[in-house]
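Notes for the one structure printed next.
The values are calculated or read from the model by the stated rules, or taken from the named source; none is laboratory data. Small disclaimer: the values here were computed from a predicted structure and weren't measured. We place every Cβ from the backbone using ideal geometry, glycine too, and count neighbours over all the protein chains shown. Just so you know, the surface numbers come from the protein's heavy atoms only, side chains and all, with ligands and any DNA or RNA stripped out. Shrake-Rupley method; radii C 1.70, N 1.55, O 1.52, S 1.80 Å.
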Amino acid sequence: MPDDSNRGGWLRGLAAGSSRKAGDTSPRFGKPLEVAVDEKPPAAGQSMQGRASRGLSFRPGQLFHHFRLQQQLGRGATATVFRAVDERTNSVVALKLLSLTDDWPDDLLDEAIVHPGAIIVPAALAAAESVDAPGSRLLTGIIAGYEVLNRVGLAAGVEPAHRGFHKTTVIGPVGAAVAAGVILELSTEQLMSATGLACSTSSGIKSFAAGTGGGMMKRMHAGRAAESGVRMAQLAARGFTGPPTAIDGKFGLLEVYGGKTARPELLTANLGKDWAMTCVYVKVYSCCSWIQAAVQQLVALRGPQPLKPDDIRQVRIGVSSYAAKNNGEPAPVDIMGAQYSFPYCAALALVGDPTDPGMYLEKDIGDPDRRALARRVELYVDEQMEAAYPKHYGSRIELVLASGERRTSFVLDPHGMPGDPVTDKERSEKFARLASYAKPASRVDDIARAVLNTAVEREVTLICLGLTGKNVFARLLAGNVPVELIKNTRIPVLLFPPDHKGTI
């Protein structure tokens, strides 16, 4: 571990963009906010399980903490508002839930093994909306959050993941706290407290990837990490203090989770020169990151049209030992299992459309022909793939057709990684495809334009205005509707922290 006098010092540079002076501990926060997780309620007849790949879903009658949801009142840029009953007091409230799905945005910082977008972007949007921050500060916060997530992820090494922790949500609260803290213009000392506090909210185990059924656990992880980071930044803004060495000090995050693979020197390696935003990996397919290269190659090897299961005799895939040990279930039982299964994803790549998230629903993964094909997929440890992991997520493919024809391929870095990045056109097309599940095409175009104009907007709420619906509850809680317009409505609004309550 580094010398005590230097611990935590690496983080101070990230507060340089703040306009606050050192020692200024006055609260800096605007409209209170509630950060949680939610997705569009399922359509009539559609099950919760059927929407699991789209993120957490809530519907009337469900219990969220101690609130029983009754009716969706409105949906905005960053949140959905529900009428709900507090079962402790039997009172009616309007509950604001921040929107978050597992597919948005679907990116990865490869060597750090963390997914930044699903945590950093929602946390940054919530913080920026709460203080009407300009678009430029929103982007600064996102960049800072990505940077910290990457550096702490690299410094923690691979031991957390190999021991079964979900590294994204172990490191995620720290990155979210920094993103929110920069946007809320915390002082350096407050930012240090926010990250110190966030370290104690780190959590998440990877039992969802065990092959026995993952449920919706992973969908919840990113939302809780985003929530924790924003709340810790808010606490720090109010004078709540945290340990300054909770990341790299004794009993800190790196020591406790990283163990023997922890490398605290990576926290500052080329700081200010190498930026995480330049090495983001964007997935092309809706499956685990180290399955991407295999799917890409199998699609290329099969040709422009899907094959029939009977056309294929065998598939051999050379991977790292970690992937061979943890991603070999040939008969996944649910959506999460399918996304983590080399055999299932390989079968899908050969006979279906692996870019379609719908192909991972239970009705598809149970297809008997596809399951039979998945059983003909063999995983083995390839020495080159083993040496390259985790810097590279490659694989070696051998496809044997029923005719006896043998086709082979090898890819070290799948398309979408920094060495072979997706184009702006591909990125836009992926966004449009995923967003179309929840929004009409015209709204998707509006969202894309708003995002592209983020840097020049004076207030994030102006960006959100182009995304929000017309319902006054969602818009009021986003700060976009004068209270006078609905002054006769008397539903209490639940806000964070608990001592901030209001009526609309």
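Listed values, structure above:
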item	result
Residue-count net charge about Glu159 - beta-carbon cut-off 10 Å; Lys, Arg +1, Asp, Glu -1	+3
Residues of segment 268-401: accessible area per residue with a 1.4 Å probe, Å²	40 Å²
Segment 275-350: equivalent-ellipsoid semi-axes (sqrt of 5 x gyration tensor eigenvalues, Cα, Å)	22, 16, 12
Inter-site label distance for Thr408 and Asp424 at 7 Å from Cα along Cβ, in nm	4.1 nm
Loop-located GluC sites (Glu not before Pro) in segment 342-407 whose Cβ has at most 15 other Cβ within 10 Å (DSSP)	Glu405
Zero-based 10 Å bins, Cα pair distances in segment 266-405, whole percents	12, 41, 30, 11, 5, 1
Surface/4 estimate of mean projected area, convex hull on alpha-carbon atoms of segment 124-230, nm²	6.8 nm²
Measure of compaction for segment 216-336 (Cα Rg per 2.2 N^0.38 Å)	1.56
Members of Lys308/Lys439; Lys206/Lys425; Lys167/Lys439; Lys218/Lys260; Lys273/Lys391; Lys363/Lys439 lying beyond 28 Å, as alpha-carbon distances in this model show	Lys308/Lys439; Lys206/Lys425; Lys167/Lys439
Label-point separation in nm, Arg375 to Lys250, each point 7 Å along Cα→Cβ	5.8 nm
Inter-site label distance for Lys273 and Gln70 at 7 Å from Cα along Cβ, in nm	6.1 nm
Full-extension gain in nm, Lys391 to Glu159, via 0.36 nm per residue minus C-alpha separation	82.0 nm
